[in-house]
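Peer 1: The structure under discussion is supplied below as structure tokens; questions concerning it will follow.
All of the numbers you see were taken from the coordinates with simple rules; none came from a lab. Just so you know, these numbers come straight off a predicted model, no measurement behind them. Cβ placement follows ideal geometry from the backbone for every residue including glycine, while neighbour counts extend to all protein chains displayed.
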Amino acid sequence: MAKKSANRSGSANSRAARPAKRVATTGPGRPRSAAQNNRRPLGPRPQQVPASPATATRRKLEVASVGPLNRLKRLPRWLIPVLMGVLLLGGLLIPTPLAGLLLVVLAAFLAWLVALSWPVLPGGARGLRVAVVAIVFAAAVWRLTGRG
């Protein structure tokens with residue numbers, strides 16, 4: 001018993017035996033690494049600021065998107081994913097060629113979100129998101145032509 005209490009007393013030997021604690025480097029109130037200093041918090045998570053200045057077309061897209069984004073932000077958080085799921089399932093399962101219109105709406109919404117987030121996306125994420133939009137759009141064409 002005496003040996004255990006000696007180890008708990010905080011001596012140098014007991015500290016050396018313990019594994020080092022991991023220090024979190026992200027989140028509010030936590031230290032930031034040098035790589036994170038070029039980011040600014042735009043929402044609940046830190047986001048990367050685009051390195052290049054926005055073009056005139058990009059600025060027009062961002063300005064035109066402010067109103068719809070603010071309306072979407074006021075909706076309950078669960079509503080948008082549920083509506084996207086309804087559009088996807090409806091577009092794939094409804095047995096009429098007009099079901100492709102649901103997929104066109106979904107593809108347009110996804111393409112708009114990809115266009116807005118494009119400057120801060122890494123290369124792999126860009127490719128994956130473009131592939132998803134292309135697949136949804138291809139499914140819409142497939143359904144609109146009556147093949148599905």
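Peer 1: Report the net charge of residues surrounding ALA54, where surrounding means a beta-carbon distance below 11 angstrom and charges are Lys +1, Arg +1, Asp -1, Glu -1.
Peer 2: Numbers: positive: ARG58, ARG59, LYS60; negative: GLU62.
Around ALA54, the charge tally is +2.
Peer 1: How do 111-119, 75-83 rank on mean C-beta neighbours within 10 Å, highest first? Could the numbers behind the result be given before it?
Peer 2: On the way: 111-119: 15.1, 75-83: 9.8.
Taking the mean over residues of other Cβ atoms within 10 Å, the ranking is 111-119, 75-83.
Peer 1: Below 14 angstrom from the Cβ of ALA64, what's the summed charge of the other residues (Lys, Arg +1; Asp, Glu -1)? Show your work: numbers first, answer last.
Peer 2: Working: positive: ARG58, ARG59, LYS60, ARG71; negative: GLU62.
Result for the neighbourhood of ALA64: +3.
Peer 1: Tell me the label-point distance for the pair ARG74, THR55, using the 7 Å Cα-to-Cβ offset, in nm and rounded to one decimal.
Peer 2: Roughly 3.3 nm, to one decimal.
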